[in-house]
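Data first, discussion second: the structure below is written as structure tokens.
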Amino acid sequence: MGPAHPSLHLTVQRASRTTLQPTLRQLKQWAGAALQSSAQVTIRLVDSREGRRLNRDFRGKDYPTNVLTFVYDPDVTGLMGDLVLCAPVIKQEARKQHKPLFHHYAHLVIHGLLHLQGHDHMRKKEAQVMEALETTILKTLNIPDPYHGPAHA
């Protein structure tokens, strides 16, 4: 079992000029809420061009996506990895889904941190477990269920 309060060493890189990005404090709060063990994480906020390139190079999908998770060597002691958040995509999705921008950011940070900790959503059962975890964690932050809110009614 991990420590009572997992420690988080968070580095934030801002490579996007998109307005209304979360603060370091917000990113730490959201990432910390999702951690089950101590971690070293870099969150990089990127523009669409870099998001598209990374998604193409590492996933074979030629479009920018909202969040990418890169896990460092899982055999190394401790949880380490990178989250790449594509700021323009997140902003566009939040608007389209009628969600507060920072609620959507919080959801994607938590989603990425769960991937970093070994969760996945490729199979239906895995997706149900991961979505339930996300919803539970978001509830602790007073953020509504992103899967069954007004935008999904």
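Quick notes on this one:
- Residues (of a type in the set (S, T, N, Q) and closer than 16 Å to Arg17 by Cα) located in region 90-105: Gln92
- Any pair with Cβ under 8 angstrom, 6 or more apart, that starts in region 109-131 at a residue that is on the phi > 0 side of the Ramachandran plot and touching a residue at least 12 places away in the same chain (Cβ under 8 Å) and ends at one that is surrounded by 22 or more Cβ atoms within 10 Å (Cβ to Cβ) and outside any loop (DSSP other than H, G, I, E, B): none
- Applying the criterion of being out of contact with any strand residue (DSSP E or B) (no Cβ under 7 Å at 6 or more places or on another chain) and modelled with pLDDT of 95 or more to the residues of region 62-89, the residue that is farthest from Arg17 (Cα to Cα) is Asp62.
Yes/no per residue for (1) without any contact (Cβ under 8 Å) to a residue 40 or more places away in the chain; (2) of a type outside the set (Val, Ile, Thr); (3) under 19 Å from Leu133 (Cβ atoms):
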residue: Asp47; (1), (2), (3): no, yes, no
residue: Arg53; (1), (2), (3): yes, yes, no
residue: Lys61; (1), (2), (3): yes, yes, no
residue: Pro64; (1), (2), (3): yes, yes, no
residue: Val67; (1), (2), (3): no, no, yes
residue: Val71; (1), (2), (3): no, no, yes
residue: Met80; (1), (2), (3): no, yes, no
residue: Ala94; (1), (2), (3): yes, yes, no
residue: His103; (1), (2), (3): no, yes, yes
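The values are calculated or read from the model by the stated rules, or taken from the named source; none is laboratory data. None of these values were measured; they are calculated from a predicted model. Ideal geometry is used to build each Cβ from the backbone, glycine not excepted, and the neighbour counts take in all protein chains shown.
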